[in-house]
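Engineer: Let me begin by handing over the structure; questions about it come next.
The numbers here are math on the coordinates, done by the rules we state, and not lab data. All values derive from a computational prediction rather than experimental measurement. Ideal geometry is used to build each Cβ from the backbone, glycine not excepted, and the neighbour counts take in all protein chains shown.
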Amino acid sequence: MKMLICVGAAALALAACSKAPEAVDDRPKVEGEHVVFPAGSTQTKALTTLVAATVTEEVLPLSGRLIWDETRTVRVFAPLGGRIVKLGVSPGDKVKAGDTLATLTSPDFGAAQAEAAKAAADFGVAAKSVERARELHKAGVIADKDMEQAEAEFARAGAERKRTTARARAYGSLDNNVDQQFALRAPIAGTLVERNANPGQEVHPEQGGDTPLFVISDPSHLWVNLDLPETAIGSVEPGMKVRLKISALSDEVREATVSHVADFIDPNTRRMRARAVIENADRRLKAEMFANAEITVSRAGFILIPSSTVILLGKTQYVFVEESPGRFRRQTVVADDSGFGSMRVREGLKEGDKVVSEGALLLQQIISKSAIR
């Protein structure tokens with residue numbers, strides 16, 4: 001009997017020890033605008049917070065493209081039709097203003113030379129005619145109207161000579177020789193950075209809107225085209241420094257200076273164009289390179305938070321603030337988009353608040369489900 005009692009007690013003790021523990025309820029509770037998690041709740045592991053801080057500067061990430069400095073660049077086209085018979089320069093050559101880039105055989109230029117030569121000859125004849133007329137008129141041999149006609153013919157010949165000479169000189173002809181050889185000359189000094197001309201190539205003035213025959217520039221100075229968002233209006237001004245990270249040069253960092261900010265916004269992209277200048281003495285930077293640019297702008301004091309922290313319900317913006325471990329408050333804020341994945345908070349937060357940066361949507365879903373019940 002004693003043995004049976006001991007066995008029964010042991011069985012009862014074993015059953016008591018093997019009984020499963022009661023499940024812990026870690027479901028959050030909603031108290032108005034608050035979400036409260038029980039101590040030790042695993043759901044809080046999905047939440048990340050950041051400490052709100054007031055900033056007075058903002059770094060704007062921009063896209064940039066390097067181009068030729070247009071104040072030091074000229075694109076050369078043929079002003080008349082013809083065929084290239086000789087080239088005087090190669091890409092990379094340094095040229096002076098007036099150097100011959102190419103020689104063309106041009107019937108148009110020959111016609112201009114011939115007109116100038118004919119006008120010069122006609123002027124000579126008219127000069128002799130008017131001189132004789134003056135002598136005859138003085139001697140009373142010819143009438144006044146004949147004298148006036150000779151004077152008028154002389155004036156017309158002089159005007160025609162000036163016109164044709166000016167036209168020929170505009171093309172580079174300095175004498176009355178008719179050879180149809182037109183020299184296409186460099187209008188400025190610099191480096192020949194591009195050549196799209198070959199011997200035997202036919203050229204025409206109407207090609208002016210296409211690729212230029214020659215491009216002369218100064219590669220030691222470049223421009224950087226920057227695209228600014230509308231939110232940067234008034235913040236970026238000439239004289240500000242821009243940091244450029246050139247991916248083609250292993251993320252080498254260079255510094256440029258803003259020289260111009262456009263007065264209009266592109267209606268298609270809603271972006272504003274700015275231009276910076278950069279020195280390129282080592283010639284490692286190349287036109288048409290792309291660069292990641294950064295510019296630091298001053299702002300009135302505000303709190304900057306990631307856009308993912310802000311929830312928009314209707315027209316109202318909310319964030320969640322951690323008041324204590326496991327206790328989160330839904331807070332109304334007034335914020336505007338900074339244009340680069342961040343929001344500027346104008347009202348609703350103060351410095352030091354712990355804002356939920358990841359998991360805000362989860363908290364909002366908890367409140368929404370509670371409201372449905």
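Engineer: Which of the residue pairs Lys45/Lys369; Lys94/Lys245; Lys94/Lys118; Lys245/Lys315; Lys315/Lys350 have a Cα-Cα distance greater than 27 Å in the structure shown?
Structural biologist: Where the Cα-Cα span goes over 27 Å, the pairs concerned are Lys94/Lys245; Lys94/Lys118; Lys245/Lys315.
Engineer: Now, a different point. Just to confirm a number: summing +1 for Lys and Arg and -1 for Asp and Glu over residues other than Glu322 whose beta-carbon lies under 11 angstrom from that of Glu322, what do you get?
Structural biologist: Net charge around Glu322: +1.
Engineer: More than 20 angstrom separation, counting every C-alpha pair in the range 139-196; what % is that?
Structural biologist: 57 percent
Engineer: Over the residues of the range 192-281, compute the C-alpha Rg and express it relative to 2.2 N^0.38 Å.
Structural biologist: My calculation over the Cα atoms of the range 192-281 gives 1.46.
Engineer: While we're here: Can you tally the net charge around Ala170? Count Lys and Arg as +1, Asp and Glu as -1, for every other residue whose Cβ sits under 13 Å from the Cβ of Ala170.
Structural biologist: Values: positive: Lys162, Arg163, Arg167, Arg169, Arg185; negative: Asp108, Glu115.
Every neighbour counted, the sum reads +3.
Engineer: Under a 10 Å cutoff between Cα atoms, tell me which one of Thr332, Thr269, Thr165 has the largest fluctuation in the Gaussian network model of the chain.
Structural biologist: Residue with maximal mean-square fluctuation among Thr332, Thr269, Thr165: Thr269.
Engineer: Once you place label points 7 Å from the Cα toward the Cβ at Leu312 and Thr332, how far apart are they in nm?
Structural biologist: Taking the simple label geometry, Leu312 and Thr332 are separated by 1.8 nm.
Engineer: In straight Cα distance, which lysines are under 28 Å from Lys241, not counting same-chain residues fewer than 8 positions off?
Structural biologist: The qualifying lysines are Lys286.
Engineer: Give the distance, in whole Å, between the Cα centre of the range 285-334 and the Cα centre of the range 110-135.
Structural biologist: First find each Cα centre; the distance between them is then 81 Å.
Engineer: I would also like to ask the following. Using a cut-off of 14 Å between beta-carbons, work out the net charge of the residues near Leu349 (Lys and Arg +1, Asp and Glu -1, Leu349 not included). Spell out each step's value before the answer.
Structural biologist: Working: positive: Arg329, Arg330, Arg344, Arg346, Lys350, Lys354; negative: Glu322, Glu323, Asp336, Glu347, Glu351, Asp353.
Residues close to Leu349 contribute a combined charge of 0.
Engineer: Still on this structure: Taking just the alpha-carbon atoms of the chain, what radius of gyration and Dmax come out, in angstrom?
Structural biologist: When restricted to Cα atoms, the chain yields Rg and Dmax of 41.7, 177 Å.
Engineer: List the residues whose amide H sits under 5 Å from the amide H of Glu252, counting only those 5 or more places along or on another chain, with H placed 1.01 Å from N in the peptide plane.
Structural biologist: Result for Glu252 returns Ile246.
Engineer: Would you list Glu151, Glu252 from fewest to most Cβ contacts within 10 Å?
Structural biologist: Ranked by crowding around the Cβ, least crowded first: Glu252, Glu151.
Engineer: Now for a separate question. Mind giving me the FRET efficiency for Ser370 and Arg65? R0 is 51 Å, r the Cβ-Cβ distance, nearest 0.05 is fine.
Structural biologist: Efficiency computed from Cβ-Cβ geometry: 0.50.
Engineer: List the residues, sorted by chain then number, that are 5 or more residues from Thr54 or on another chain and whose placed amide H is less than 5 Å from its amide H.
Structural biologist: none
Engineer: Another question about this same structure. So what is the calculated 222 nm ellipticity per residue for the chain, using -39500 (n - 2.57) for each DSSP H run with n of 4 or more, over all residues, to the nearest 500 deg cm²/dmol?
Structural biologist: Value at 222 nm, helices only: -8000 deg cm²/dmol.
Engineer: What FRET efficiency do you get for Ala155 and Thr257 if R0 is 56 Å and r is their Cβ-Cβ distance, rounded to the nearest 0.05?
Structural biologist: Given R0 = 56 Å and the Cβ-Cβ separation, E is 0.45.
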